[in-house]
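To start, the structure itself, in structure tokens.
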Amino acid sequence: MSRLPPKSPALPRTLLSLLLCGSVLGAAVSATAAPVKVGLALDISGPFAALGAEARDGFALGIKQLGGKLGGQDVEFVQADMAGSPDQAKQLVDRMIQRDKIDLFSGPIGSNVALAVGPTLFNAKVPYLSANAGPSQFAGAQCNAYFFGTAYQNDQFHEAAGKFAQDRAFKKIVLIAPNYPAGKDALGGFKRQFKGQVADELYTKLGQIDYAAELAQLRAAKPDSIYFFLPGAMGINFIKQFVGAGLSKDITLVTSGFSADEDVIGAVGEPMLGLFNTSHWAHDLDNAANKAFVAAFRKEYNGRYPSVYAAQAYDAILAMDAAVKQAGGNAQNREAVVAALKKANYASTRGNFKYANNHYPVENFYLRVIGKDAQGKVTNKLINTVLTNYGDSYADKCPLK
């Protein structure tokens, strides 16, 4: 477990700034008050490593901009690499709670890991701000007052994609996702909005990078479209192999932002041009907070566009800062912190949004297409809004008020 930011070639200036500041990770303790302690679950190895690196950069930028404080209070960030492993994550979170006495928690990337660590955090009454994972299990009957899906509920992204596919009147579609909780939520969400023929559902191994067998099945099925949810390296390899097999000539790819975000675009490049995807955020979303975030991120990280994972992590830090401030600087007052979190009273990169009773956002979802910016860089471009002020499908099963 580390008290310093993990080393990365993409972060030299940020790391130097944080360390010189002397008050960020491993911050000095005030003589009159204990620091706020925050557990950050990173995934800088394992199946979500590329996504974890993006989230880490978003966390680091938010921490730097706040001068290493939350709500004006000194803060100690306790970081650990969860490596996408539920068993490892549970051990590390147990240690964060028992040894480090954390007041707040954020991360990890995978829903399977979120489900593993959630009950431990809830029993300890530690507010858990999920900067990515939005499992359906925490949205319905198993919702919890200490859980906040600060980004989205898993199904929502894919419901937006299903709505787009329905509007485009695709006749025959094949669905592909990894065989883990978020993959099942993904395809379930898509089918909730898409009413055409689903010819097949293919569940792949989590972390799989060879799709020869699946591509053979697709060639035989001859769908007019494929909806895939394969985040990180899984999506990178699938798209490369799909295009390399010549299937893109006859089959339209549709996905969510997870499989067509800036991390994937950077690895695949021009073969992704024209690919449609849905997201609750876009780097060209027109609001002041988002413009400031994107400009700061590109300045900090050598001109690269932030991904949705970076934006979500940045938002989680801002949400913590606002909650601690609104709780009078007392992060140990759990009821006050939870009440403040519920208000979502901070300048989100998404613009204004609110929480449903189950602590998942009611927010807009957008259609993006991969094109080129004014400098010829391949990137996502916002097209329009697919779903407005859209909540999830489980809130009515949640007993929270």
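The values are calculated or read from the model by the stated rules, or taken from the named source; none is laboratory data. Being a predicted model, the structure only gives us computed values, none of them experimental. Reconstructed Cβ throughout: ideal geometry from the backbone, glycine too, with neighbour counts over all protein chains shown. To get the accessible areas, we keep the full protein, side chains included, count just its heavy atoms, and leave off ligands, DNA and RNA. Shrake-Rupley method; radii C 1.70, N 1.55, O 1.52, S 1.80 Å.
When the test is whether a residue is open to solvent by less than 10 Å² (accessible area, probe 1.4 Å), at pLDDT below 95 and either touching a Gly at 6+ places or on another chain (Cβ under 6 Å) or polar (S, T, N, Q) (or both), residue 106 does not pass it. Looking at residue 187, is it over 22 Å from residue 45 (Cα atoms), hydrophobic (A, V, I, L, M, F, W, C), outside the structural domain of residue 51 (by the TED database) and open to solvent by 10 Å² or more (accessible area, probe 1.4 Å)? When the stated conditions are applied, residue 187 does not pass them. Residue 198 meets all of the listed conditions (1) within 23 Å of the chain's Cα centre (by Cα); (2) open to solvent by 20 Å² or more (accessible area, probe 1.4 Å) but one, namely (1).
When restricted to residues that are touching a strand residue (DSSP E or B) at 6+ places or on another chain (Cβ under 8 Å) and either among the acidic types (Asp, Glu) or open to solvent by less than 30 Å² (accessible area, probe 1.4 Å) (or both), the stretch 59-96 contains 18.
The requirement of being open to solvent by less than 40 Å² (accessible area, probe 1.4 Å), over 20 Å from residue 153 (Cβ atoms) and touching an Asp or Glu at 6+ places or on another chain (Cβ under 7 Å) is satisfied by residue 170. Can you tell me which residue within the stretch 274-314, out of those that are buried (at least 24 other Cβ atoms within 10 Å of the Cβ) and of a type in the set (S, T, N, Q), is nearest to residue 66 (Cα to Cα)? Once the filter is applied, the top-ranked residue is 312. For the stretch 367-386, the tally of residues that are open to solvent by 20 Å² or more (accessible area, probe 1.4 Å) and either over 21 Å from residue 294 (Cβ atoms) or part of a strand (DSSP E or B) (or both) stands at 9. Name every residue in the stretch 201-228 that is open to solvent by less than 10 Å² (accessible area, probe 1.4 Å) and of a type in the set (Phe, Trp, Tyr), in order of residue number. Answer for the stretch 201-228, where residues must be open to solvent by less than 10 Å² (accessible area, probe 1.4 Å) and of a type in the set (Phe, Trp, Tyr): 211, 227, 228. The condition (being open to solvent by less than 30 Å² (accessible area, probe 1.4 Å), part of a helix (DSSP H, G or I), touching a strand residue (DSSP E or B) at 6+ places or on another chain (Cβ under 8 Å) and in contact (Cβ under 8 Å) with a residue 24 or more places away in the chain) is satisfied by just one residue among 177, 161: 161.
Residues are listed down the side, and each one gets a yes or a no for (1) farther than 29 Å from residue 393 by Cβ; (2) at pLDDT 95 or above:
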{"site": "176", "(1), (2)": "no, yes"}
{"site": "183", "(1), (2)": "no, no"}
{"site": "194", "(1), (2)": "no, yes"}
{"site": "203", "(1), (2)": "no, yes"}
{"site": "218", "(1), (2)": "no, yes"}
{"site": "223", "(1), (2)": "no, yes"}
{"site": "236", "(1), (2)": "yes, no"}
{"site": "252", "(1), (2)": "no, no"}
{"site": "266", "(1), (2)": "yes, no"}
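Among helices (runs of 4 or more DSSP H) entirely within the stretch 48-127, having at least 1 residues that are more than 22 Å from the chain's Cα centre (by Cα) and either farther than 16 Å from residue 316 by Cβ or in the same structural domain as residue 332 (by the TED database) (or both) singles out 86-98, 111-123.
Among the residues of the stretch 213-263, count how many are in contact with a Phe, Trp or Tyr (Cβ under 6 Å, 6 or more places away or on another chain), acidic (Asp, Glu) and assigned to a helix (DSSP H, G or I). So the count comes out to 1. Taken over the stretch 319-343, the criterion of being in a helix (DSSP H, G or I) and in contact with a helix residue (DSSP H, G or I) (Cβ under 6 Å, 6 or more places away or on another chain) is satisfied by 323, 326, 337, 340, 341. Taken together, 117, 126 contain a single residue that is modelled with pLDDT of 95 or more, closer than 22 Å to residue 258 by Cβ and open to solvent by less than 10 Å² (accessible area, probe 1.4 Å), which is 117. Reported count of residues in the stretch 332-343, each being under 24 Å from the mean Cα position of the chain (by Cα) and either surrounded by 15 or more Cβ atoms within 10 Å (Cβ to Cβ) or hydroxyl-bearing (Ser, Thr, Tyr) (or both), is 5.
Listed by first and then second residue, the pairs with beta-carbon distance under 6 Å, at least 6 apart or on different chains, first residue in the stretch 352-381 and among the hydroxyl-bearing types (Ser, Thr, Tyr), second open to solvent by 10 Å² or more (accessible area, probe 1.4 Å), are 355/342; 355/344; 360/392; 366/382; 366/385; 379/305; 379/373.
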